[in-house]
Amino acid sequence: KAGVTQTPRYLIKTRGQQVTLSCSPISGHRSVSWYQQTPGQGLQFLFEYFSETQRNKGNFPGRFSGRQFSNSRSEMNVSTLELGDSALYLCASSVGFQETQYFGPGTRLLVL
Amino acid sequence: QKEVEQDPGPLSVPEGAIVSLNCTYSNSAFQYFMWYRQYSRKGPELLMYTYSSGNKEDGRFTAQVDKSSKYISLFIRDSQPSDSATYLCAIAGAGKSTFGDGTTLTVKP
């Protein structure tokens, strides 16, 4: 089975721009979670989607949003980018809600 | 207080050593216990997962869960330079997943 894929792998943006990241889960997995990882803060939970519904949300501002499509693919969007948004954004999928998660390689975002 | 506390490290050991990585958690509602390995500039890779107290072995790796003490451990036997990575513990249940901050391990040849 193919693993979790994320696109793009690397991205450079400037402050104030917006960005959309994409995640394709493992075939058959219906739950997708997004995380932000930085050296200082570790792995921070953004949100989790299951069957196109957001089930959980972390403590991030409203500039961070996401959605899930009927084929379980997910996107996250960050609007009005700030320098502090520079991070590795990781997507993880699982068969069901709150089960063992498998991570993608991540999208490394640099905000200048 | 964080829901999962992981021994911070970093940890540096000689090749062949036994490594012990440890986490404690506070919420007894957590049901799933995982260990991930993350190489530099890569996504975390699931190493092991378990749902119950006791030991689970996979090759050189043993995951141990003690629900009564809310303590989880990962043991690596005969450590190799290729084991050099950051190890993250994770627990799930009660409607969420929570990760430790990671322990960076270096195995020196």
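Bear in mind that the values in this text are calculations on the coordinates, not laboratory data. Given the structure is predicted, the values throughout are model-derived calculations rather than measurements. Because the Cβ atoms are built from the backbone with ideal geometry, glycine has one as well, and the counts that use them run over all protein chains shown.
Brief remarks follow.
- Reach of B:Lys56 by Cα under 20 Å, taken over aspartates and glutamates that are not fewer than 8 positions away in the same chain: A:Glu99, B:Glu45, B:Asp66, B:Asp78, B:Asp83
- Excluding same-chain neighbours fewer than eight residues apart, the lysines reachable from B:Lys2 by a Cα-Cα span under 16 Å are B:Lys70, B:Lys96.
- Each Lys and Arg contributes +1 and each Asp and Glu -1, all at the Cβ; summed about the Cα centre of the range A:14-112, the dipole is approximately 80 debye.
- Near A:Ile12, once Lys and Arg are set to +1 and Asp and Glu to -1 for all other residues with Cβ below 15 Å from its Cβ, the sum equals +2.
- Close amide H contacts of B:Leu11 (hydrogens built in the peptide plane, cut-off under 5 Å, sequence separation of 5 or more or a different chain): B:Thr104, B:Leu105, B:Thr106.
- Fewest neighbouring Cβ atoms within 10 Å first, the residues A:Phe103, A:Phe69 line up as A:Phe69, A:Phe103.
- Ranking of B:Val13, A:Val32, A:Val4 by neighbouring Cβ atoms within 10 Å, starting from the fewest: B:Val13, A:Val4, A:Val32.
- Modelled this way, with points 7 Å down the Cα-to-C-beta line, the labels at A:Ser86 and B:Thr106 are 2.4 nm from one another.
- Label separation (A:Val95 vs A:Ile12): 4.3 nm, computed from points 7 Å beyond Cα along the C-beta direction.
- Förster radius 30 Å - calculated FRET efficiency between A:Thr20 and B:Ser82 (Cβ-Cβ, nearest 0.05): 0.25
- Given charges at beta-carbon only (K, R positive; D, E negative), |dipole| of the range B:51-109 in Debye: 140 debye
- Computed magnitude of the charge dipole of the protein assembly as shown (debye, nearest 20; Cβ of K, R +1, Cβ of D, E -1): 540 debye
- Spin-label model distance (nm) - A:Ser27 vs B:Ser68, 7 Å beyond Cα toward Cβ: 4.6 nm
- Whole-number percent relative contact order across chain A, with pairs defined as alpha carbons under 8 Å at least 6 apart: 37 percent
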